[in-house]
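Shown next, in structure tokens, is the structure this report addresses.
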Amino acid sequence: MRPSCTFDSVRTQIFLLNGKVIPVIGRSRRCFVVTAVVTQLFTIKAVAAAQAQPFPSAGLPAIYEKLRHEIASIKVFDNHGHPGLPDDTDVDAMSLPATSSLPFRLREENPEFVSAAHALFGYPYADFSREHVSSLVKEKQRLREWLGPAYFSHILDQVGIETAVANRVSMPSYLQPTRFRWVFFVDAFLFPLNNQELASMNPDLQLNVPLEEKLLHRYLAQAHLGQLPGDFADYLAFISGILEANQKAGAVGIKFEIAYFRPLLFSDPAQQQAAAIYSKYVRGGKVPDSEYQDLQDFLFRYLLREAARLQLPVQIHTAVGGGDYFNLSGGKVMNLENILRDPRFEKVTFVLLHGGFPYEREAIWLAARKNVYFDSSLMGLFLYPEQLKNALRQWLELFPEKIMYGSDTFPISDSLGAEESYWVATESARSALAAALAEMVSEKEISDEQAVAIAHAYLHDTAARIYERP
């Protein structure tokens, strides 16, 4: 096919591999004017640096060691986690049944957790046997009593984390606000009607639907309401009031876990339609699935618009979930594409948690939208560094400015707490990042300087900009 050469007004930006942008402006109908400039620019670039190559050089191990050393000194901004003590019910708005399946890397027999306990608490044993692990529980208790509210800040210092986002129902006094940023859950607003049928579908929902209802009633009490408003406009005002109140209390974002309850595909019903459904069933009655979903679709979009108004970033769970009944196809990140590419939401800052794993290879193309970001949380606990390296490398080669680190730390038990998962996730990410960048440098895709800049962006700078307080 012959290229078109009719340029009434030409404004071309040439993006060189080193990140510089050179504008070329001209008014001509002759293609050769622009073509000559482009050819000249790329000729200059070819002289400055060799062509990228498909295989690493023999110096790859040395490049990795140098980068790993430099990356170890970068203070981390953790985009996503659930820090807290095992008996703290506000760690998450949901819970997992005790019988849920866990990937091997999250089980106590993973020897990496022994290394974490040794690094953080001087744990002297090589296993988590019952007679040994009791000493670890006692040491944690001793440190908590000694350090008081500074205990978890001390853990961050040990791991090399400067600031950590805490996805929690509320913030406890033992998480210091100078180190922890609060992101709160908003899924409960999507369940104002009769949820008995949803709760009866499987054991996971039987556990978690009542927890969402409990949180909604907690929000009602926060707003000094004895029951749900009878008018839909009043219900929307109630939602907005909670968002505003929590932001004033220090919240820096909102979080959706809705993929645990229903598919991530949201239609676009009118407010009048949603209002009719709400008014019909707010005082009781079985709600047809199709009508309840329409109401939820509107409420989801309403929450996005309110987040944009308040400049609150929106975190969304977009990966496989815990429990034995998570619907992987319904929770697939690509179901959100109609939302993410909707120009009406261009002022919403979307943070897609967990990178859409295990669909991270296709999901990264959603980051082409200027307001869409990804983090690697959960991936860094499910995947070992070798596999995490592969995922990070693809992301870094496409949209390095749109991805960030997250731990997804969570207290599993007294012995295996948020402390150990902070350490495992962060150390794993540093190694995987160094390996991905080393390969890119070795294969002449990027320079040493670019590798260090990308490392700072992934581990700290991108997230720090997103959650900057006004």
Notebook entry, point to check: Residue check, Ala453 against (1) in contact with a helix residue (DSSP H, G or I) (Cβ under 8 Å, 6 or more places away or on another chain); (2) part of a helix (DSSP H, G or I); (3) not hydroxyl-bearing (Ser, Thr, Tyr), all met but one. Which one?
Noted result: (1)
Checklist line | From Ala276, Ala251, Ala259, Ala233, residue being of a type in the set (A, V, I, L, M), without any contact (Cβ under 8 Å) to a residue 12 or more places away in the chain and assigned by TED's automatic domain parsing to the domain that holds Glu213 | finding: Ala276
Margin query: Could you check the stretch 186-195 and list, in sequence order, the residues that are out of contact with any Gly (no Cβ under 9 Å at 6 or more places or on another chain) and in contact (Cβ under 8 Å) with a residue 24 or more places away in the chain?
Written below: Val186, Asp187, Ala188, Phe189, Leu190, Phe191, Pro192
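Return the total of residues in the stretch 102-124 being in a loop (DSSP other than H, G, I, E, B) and either crowded, with 17+ Cβ neighbours inside 10 Å or over 22 Å from the mean Cα position of the chain (by Cα) (or both).
Of the residues in the stretch 102-124, 7 are in a loop (DSSP other than H, G, I, E, B) and either crowded, with 17+ Cβ neighbours inside 10 Å or over 22 Å from the mean Cα position of the chain (by Cα) (or both).
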Margin query: Among the residues that make up the stretch 323-331, is at least one of them crowded, with 21+ Cβ neighbours inside 10 Å, among the hydrophobic types (A, V, I, L, M, F, W, C) and either in the same structural domain as Leu381 (by TED's automatic domain parsing) or touching a helix residue (DSSP H, G or I) at 6+ places or on another chain (Cβ under 7 Å) (or both)?
Written below: no
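Between Leu243, Leu215, Leu264, which is closer than 16 Å to Ala188 by Cα and either touching a Lys or Arg at 6+ places or on another chain (Cβ under 8 Å) or outside the structural domain of Lys332 (by TED's automatic domain parsing) (or both)? Don't jump to the end; show me each part of the working.
On the way: Leu243 fails: either touching a Lys or Arg at 6+ places or on another chain (Cβ under 8 Å) or outside the structural domain of Lys332 (by TED's automatic domain parsing) (or both); Leu215 fails: either touching a Lys or Arg at 6+ places or on another chain (Cβ under 8 Å) or outside the structural domain of Lys332 (by TED's automatic domain parsing) (or both).
Step by step, each of Leu243, Leu215, Leu264 is checked, and only Leu264 is closer than 16 Å to Ala188 by Cα and either touching a Lys or Arg at 6+ places or on another chain (Cβ under 8 Å) or outside the structural domain of Lys332 (by TED's automatic domain parsing) (or both).
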Note to self: Residue pairs, Cβ under 7 Å, 6 or more apart or interchain, first in the stretch 442-461 and buried (at least 17 other Cβ atoms within 10 Å of the Cβ), second basic (Lys, Arg). List them.
What the structure shows: His460/Lys75
Checklist line | Sole residue being out of contact with any Asp or Glu (no Cβ under 7 Å at 6 or more places or on another chain), of a type outside the set (D, E, K, R) and surrounded by 22 or more Cβ atoms within 10 Å (Cβ to Cβ), chosen from Leu396, Leu416 | finding: Leu396
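Here are some residues: Glu109, Glu139. Which one is in contact with a helix residue (DSSP H, G or I) (Cβ under 8 Å, 6 or more places away or on another chain) and in the same structural domain as Gly250 (by TED's automatic domain parsing)? Spell out how you get there, then give the answer.
Working: Glu109 fails: in contact with a helix residue (DSSP H, G or I) (Cβ under 8 Å, 6 or more places away or on another chain).
Checking each option against the conditions leaves just Glu139.
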Check: Can you find a residue in the stretch 57-76 that is of a type in the set (Val, Ile, Thr), surrounded by fewer than 14 Cβ atoms within 10 Å (Cβ to Cβ), within 30 Å of Thr163 (Cβ to Cβ) and at pLDDT 90 or above?
Finding: no
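How many residues are basic (Lys, Arg) and surrounded by 14 or more Cβ atoms within 10 Å (Cβ to Cβ) if we restrict to the stretch 332-348? Show your work before the answer.
Step one: of the stretch 332-348, the residues basic (Lys, Arg) are 332, 341, 344, 347.
Still in the running and surrounded by 14 or more Cβ atoms within 10 Å (Cβ to Cβ): 332.
So the answer is 1.
Within the stretch 354-375, which residues are hydroxyl-bearing (Ser, Thr, Tyr) and closer than 18 Å to Leu328 by Cα?
First pass over the stretch 354-375, keeping only residues hydroxyl-bearing (Ser, Thr, Tyr): 359, 373.
The answer is Tyr359, and nothing else.
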Next item on the list: Give me the pairs, please: first residue somewhere in the stretch 162-180 and over 22 Å from Leu459 (Cβ atoms) and aromatic (Phe, Trp, Tyr), second residue anywhere and in a loop (DSSP other than H, G, I, E, B) and modelled with pLDDT of 95 or more, beta-carbon distance under 8 Å, and either six or more positions apart or on two chains.
Entry: Tyr174/Leu85
Checklist line | Residue identified as within 30 Å of Phe374 (Cβ to Cβ) and over 22 Å from the mean Cα position of the chain (by Cα) among Glu139, Glu65, Glu145, Glu131 | finding: Glu65
Check: From the list Val209, Val186, which residue is closer than 24 Å to Leu352 by Cβ and of a type in the set (Val, Ile, Thr)?
Finding: Val186
Note to self: So for the stretch 131-151 (the condition being buried (at least 18 other Cβ atoms within 10 Å of the Cβ), not in a helix (DSSP H, G or I) and not hydroxyl-bearing (Ser, Thr, Tyr)), does at least one residue qualify?
What the structure shows: no
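Residue by residue, here is whether (1) assigned to a strand (DSSP E or B); (2) in the same structural domain as Ile412 (by TED's automatic domain parsing); (3) free of Cβ contacts under 8 Å to residues at least 12 places away in the same chain; (4) in contact with a Lys or Arg (Cβ under 9 Å, 6 or more places away or on another chain) holds:
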| position | (1), (2), (3), (4) |
| --- | --- |
| Pro269 | no, yes, no, yes |
| Gln272 | no, yes, yes, no |
| Lys280 | no, yes, yes, no |
| Lys286 | no, yes, no, no |
| Glu291 | no, yes, no, yes |
| Ile316 | yes, yes, no, yes |
| Ile339 | no, yes, no, yes |
| Lys347 | no, yes, no, yes |
| Pro358 | no, yes, no, no |
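Given the structure, is Leu352 surrounded by 20 or more Cβ atoms within 10 Å (Cβ to Cβ), more than 26 Å from Ala270 (Cβ to Cβ) and assigned by TED's automatic domain parsing to the domain that holds Phe266?
yes
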Margin query: Checking the conditions here, which among Val186, Val159 is surrounded by 20 or more Cβ atoms within 10 Å (Cβ to Cβ) and over 22 Å from Ala418 (Cβ atoms)?
Written below: Val186
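Pick from the stretch 250-299 the residues that are among the aromatic types (Phe, Trp, Tyr) and touching a strand residue (DSSP E or B) at 6+ places or on another chain (Cβ under 8 Å): which of them is surrounded by the fewest Cβ atoms within 10 Å (Cβ to Cβ)? Break it down into steps so the answer makes sense when it comes.
Filtering the stretch 250-299 for residues among the aromatic types (Phe, Trp, Tyr) gives 256, 260-261, 266, 278, 281, 292, 298.
Next, only the ones that are touching a strand residue (DSSP E or B) at 6+ places or on another chain (Cβ under 8 Å) stay: 256, 260.
On the way: Phe256: 21, Tyr260: 23.
Of everything passing the filter in the stretch 250-299, Phe256 is surrounded by the fewest Cβ atoms within 10 Å (Cβ to Cβ).
Would you confirm whether or not the stretch 189-204 contains a residue that is over 24 Å from Tyr467 (Cα atoms), of a type in the set (Asp, Glu) and under 23 Å from the mean Cα position of the chain (by Cα)?
Initially, the stretch 189-204 is screened for residues over 24 Å from Tyr467 (Cα atoms), giving 190-204.
Next cut, of a type in the set (Asp, Glu) only: 197, 204.
Those still in the list that are under 23 Å from the mean Cα position of the chain (by Cα) too: 204.
The answer is yes, given that some residue of the stretch 189-204 is over 24 Å from Tyr467 (Cα atoms), of a type in the set (Asp, Glu) and under 23 Å from the mean Cα position of the chain (by Cα).
The values are calculated or read from the model by the stated rules, or taken from the named source; none is laboratory data. If you're wondering where the values come from, they're calculated on a predicted model, not measured in any experiment. As a convention, Cβ positions derive from the backbone with ideal geometry for all residues, glycine included, and neighbour counts pool all protein chains shown.
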